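Student: Attaching a single structure in structure tokens format; questions to follow.
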Amino acid sequence: MQFFATKSWRAFEERLKISLRLDGHNLPWKNPNLSAPNTTYNLNNTAAWGRFTGTVGDFSNFGTAQANVQMSIRAEF
């Protein structure tokens, strides 16, 4: 789940615009994007067949694998 919230203000006779933005990624918990399961059947290790052995990047491909929140301030002249 991702979210963002933005608030903007005008100042100095509408010449300056200041924006505050709050971004959240992988909230409230992390959901992994699993890689393809093992499709090779091996008689020596039958328990490995059909198992997910890893993940493909982050859920949102942004930042870290953990949940994170970022805040930014932007000034436009």
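Every read-out reported here was derived from the displayed coordinates using simple, explicitly stated rules and does not represent laboratory data. Computed from a predicted structure; not experimentally measured. No Cβ is skipped: glycine too gets one built from the backbone with ideal geometry, and neighbour counts run over all protein chains shown.
Student: Between A11 and Y41, what is the spin-label point distance in nm, taking each point 7 Å from the Cα along the Cα→C-beta axis?
Tutor: Label-label distance for A11 and Y41, simple model: 6.9 nm.
Student: Let me ask something else. Let me check I've understood the local charge: for S19, count other residues with C-beta under 12 angstrom from its C-beta, Lys and Arg +1, Asp and Glu -1. What total comes out?
Tutor: Numbers: positive: K7, R10, K17, R21, R74; negative: E76.
Local charge sum for S19: +4.
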